[in-house]
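S.K.: Dropping the structure in here first, questions after.
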Ligand code: HEM
């Protein structure tokens, strides 16, 4: 009896001590901002993002609420994502300071802690997850592969896939009397095939088969990255079979190009030239291909589906766009790269859709060297090494009047550039040129040939709800159901 009582008392004592230690630990952690005179909401036991912690809401919405509460009160505030302190940028001007002027202090993002070169040799070389000088080197290698000339040279390949996209819809309507499509599904087929042809020089076959290997592998890769990013334990970002598949594709593409002496100013030849100039390894070559594939396939399809949805909801804008596209080609049905990229209303439609539904709804940075920043009205703060910065892309995109409405005309008279300069339109990172080409080529072929309308099973809610389970992307789990008819 005595020993049972002693055991119970010891357990009680140990539990009480552990709770007290935890509370002291949390209290000290949660004093991070008050000690530094940075205002912000009071954290609870789960920080300020409890709903996101329990996957009831997407992190973007929780942080967006803090942004709204402090919008007119401070240029930046501190908040806790569970126990991790973040500085939330409220003043868009500060974004420029962080992303441009003082970028050398903020070049790493928090995803750079996810990769491991030994476990994940291909994914660890993606600039998204790299740090410091290595990041700079790889990022430059990717960026140089996306010059205007290279994009011009791959334009016929993208144009060809965009035509296949339109032919596929036309055939489904004519032969199978089908008019309803899940825009998420058809857009993934399109972006997957554009990247497959531009990077790996293969026909992905996504419009001819339902089980295209490259889509299956791409999907597996995205799931695995998303799971690893959410996991508390270190996990491989890319499963071995997916890595083997893409390394093989890259090796074959390079072999075919070199054995047949094909000369083309594109991303693949850029990778081959890096091998010659810098002697990069086969893994490094494959990793560049995967960087392009990963970002160009998923992010772009997540951007394209809501674009068609907005046009279906806004028939006047769709008519105006169709008129511009048809006028641009006249009787020829051909358009050049320059003509396509210069169509003003198409540009406004694309940016307005990205404003409403940016695939990446926030960006984050990690301070690598302490620095003092200054907001409007001289409000200063010392950002210490290691502090994470949260850039609320979606909240900045609501800076405009009637922010939930699709109004491409808001970008008349060069307002896209002005909004980017102000720091309130930030949909893209490094892949902007390639992504714009992909989005515009598909919109051009589809909208000039088809009228897109809402299917009755599609909700009429104006704003798409971001799935709390998805890490970064704006995805509608139930699909985006649209009807297509020949226009
Ligand atoms: C609609 C399509 C796309 C959207 C909306 C998009 C958006 C973004 C955003 C918001 C960032 C984060 C920027 C930052 O935190 O600094 C980013 C980074 C990046 N994007 Fe994209 N992207 C798209 C397509 C592409 C494509 C086609 C590529 C092809 C290479 C690409 C490559 C990258 C890379 C390598 C980074 C990391 C850049 C860095 O570390 O500085 N993206 N993207």
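The values are calculated or read from the model by the stated rules, or taken from the named source; none is laboratory data. On a predicted model such as this, the values are computed, not experimentally measured, just so you know. Every residue, glycine as well, gets a Cβ built from its backbone with ideal geometry; the counts of neighbours run over all protein chains shown.
S.K.: What number of residues in the range 440-470 are at pLDDT below 95, within 16 Å of the ligand (Cβ to nearest atom) and crowded, with 18+ Cβ neighbours inside 10 Å? Walk me through how you get there before you give the answer.
M.R.: Keep residues of the range 440-470 that are at pLDDT below 95, which gives 454-470.
Cutting the leftovers down to within 16 Å of the ligand (Cβ to nearest atom) gives us 464, 466, 470.
Subset that is crowded, with 18+ Cβ neighbours inside 10 Å: 466.
Final tally of qualifying residues: 1.
S.K.: Follow-up. Looking only at the range 89-122, how many residues end up being away from the ligand (no atom under 12 Å from the Cβ) and assigned to a helix (DSSP H, G or I)?
M.R.: So the count comes out to 9.
S.K.: Please enumerate the residues belonging to the range 140-158 that are surrounded by 19 or more Cβ atoms within 10 Å (Cβ to Cβ), modelled with pLDDT under 90 and not in a loop (DSSP other than H, G, I, E, B).
M.R.: 141, 142, 150
S.K.: I'd like the full set of residues that are in contact with a helix residue (DSSP H, G or I) (Cβ under 6 Å, 6 or more places away or on another chain), under 13 Å from residue 354 (Cβ atoms) and within 16 Å of the ligand (Cβ to nearest atom), limited to the range 384-439.
M.R.: Hits for the range 384-439 are 394, 396, 397, 416, 424, 425, 426, 427, 431, 435, 438, 439.
S.K.: Run down 193, 211, 132 and say which single residue is assigned by TED's automatic domain parsing to the domain that holds residue 257, at pLDDT below 85 and within 15 Å of the ligand (Cβ to nearest atom).
M.R.: Being assigned by TED's automatic domain parsing to the domain that holds residue 257, at pLDDT below 85 and within 15 Å of the ligand (Cβ to nearest atom) holds for just one of 193, 211, 132, which is 132.
S.K.: Let me ask you something else. Give all pairs with beta carbons closer than 6 Å in which a residue from the range 97-122 that is more than 17 Å from residue 382 (Cα to Cα) meets a residue that is surrounded by 19 or more Cβ atoms within 10 Å (Cβ to Cβ) and modelled with pLDDT under 80; count only pairs at least 6 apart in sequence or on separate chains.
M.R.: Every condition considered, the pairs that remain are 111/128; 111/129; 112/129; 114/129; 115/129.
S.K.: Test of understanding: among 62, 68, which residue is at negative phi, without any contact (Cβ under 8 Å) to a residue 40 or more places away in the chain and in a helix (DSSP H, G or I)? Quick ask: steps written out before the conclusion?
M.R.: Numbers: 68 fails: without any contact (Cβ under 8 Å) to a residue 40 or more places away in the chain.
It is 62.
S.K.: Yes or no: residue 428 part of a loop (DSSP other than H, G, I, E, B) and either modelled with pLDDT of 95 or more or under 19 Å from the mean Cα position of the chain (by Cα) (or both)? Let's see the steps before the verdict.
M.R.: On the way: part of a loop (DSSP other than H, G, I, E, B): yes; either modelled with pLDDT of 95 or more or under 19 Å from the mean Cα position of the chain (by Cα) (or both): yes.
Yes: the conditions hold for residue 428.
S.K.: So, one more: In the range 159-182, which residues are within 16 Å of the ligand (Cβ to nearest atom) and modelled with pLDDT under 95?
M.R.: Scanning the range 159-182 gives no hits.
S.K.: Ok, one more. Restricting attention to the range 231-247, which residues are part of a helix (DSSP H, G or I), under 22 Å from residue 275 (Cβ atoms) and in contact with a helix residue (DSSP H, G or I) (Cβ under 9 Å, 6 or more places away or on another chain)?
M.R.: 243, 245, 246, 247
S.K.: Which residue pairs have Cβ atoms closer than 7 Å, lie 6 or more positions apart in sequence or on different chains, and pair a first residue in the range 274-301 that is free of Cβ contacts under 8 Å to residues at least 60 places away in the same chain with a second residue that is within 14 Å of the ligand (Cβ to nearest atom)?
M.R.: 285/271
S.K.: Given 254, 222, 272, 283, which one is assigned to a helix (DSSP H, G or I), within 16 Å of the ligand (Cβ to nearest atom) and assigned by TED's automatic domain parsing to the domain that holds residue 431?
M.R.: Going through 254, 222, 272, 283 in turn, just one is assigned to a helix (DSSP H, G or I), within 16 Å of the ligand (Cβ to nearest atom) and assigned by TED's automatic domain parsing to the domain that holds residue 431: 222.
S.K.: Go through (1) more than 23 Å from the chain's Cα centre (by Cα); (2) without any contact (Cβ under 8 Å) to a residue 40 or more places away in the chain for residue 181 and report which single condition fails.
M.R.: It is condition (2) that residue 181 fails.
S.K.: Return yes or no: is residue 273 over 29 Å from residue 186 (Cβ atoms) and surrounded by fewer than 16 Cβ atoms within 10 Å (Cβ to Cβ)?
M.R.: yes
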